[in-house]
């Protein structure tokens, strides 16, 4: 019985250690991916804003950049979904470990001290779940920031189009004035010819 208790304790500690290491590795990967994504998005947004100053000849390029940002936004949503899946898997693992601990306690009350140590590991797993939840919330904030940047880029495109429309209107007015001047010169020339005759 003592050997069985010791073996169960070692198995519990090994499983808890493996789950803790897996959780830490996943958190590091998630943080690195989120930081890299944020850096890339900030660079692309700054580039989009600077290119917006090129007015008419840059409208098509800004439209392409806007589409690229939409793709980045969709990718960020995918990352958020992946984080949700990670949280679910950790929750399932935590639930399975809790069930196993309950079964061991009901079958072998003499193992209570060992199970208390296992519960310590389970509390750490709950903390890991809470940390992953925090990462998911931060990813949601990044998505909101990206949406705001997309809206600002769209507003800049609209402003450029309005300026183009104003320039076209000014050009049309200039053409009308020039046309009137030409008609006036033609009439004046006709009157001079008539006077000479």
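The values are calculated or read from the model by the stated rules, or taken from the named source; none is laboratory data. In this text, all values refer to a predicted model and were calculated from it rather than measured experimentally. With ideal geometry, Cβ positions are generated from the backbone for all residues, glycine too; neighbour counts draw on all protein chains shown.
Annotations
- Among residues of the range 128-149 that are on the phi > 0 side of the Ramachandran plot and outside any helix (DSSP H, G or I), none has a beta-carbon under 8 Å from a residue that is surrounded by 14 or more Cβ atoms within 10 Å (Cβ to Cβ) and modelled with pLDDT under 85 at least six positions away or on a different chain.
- Residues of the range 46-81 that turn out to be within 13 Å of the chain's Cα centre (by Cα) and modelled with pLDDT of 75 or more, as a count: 13
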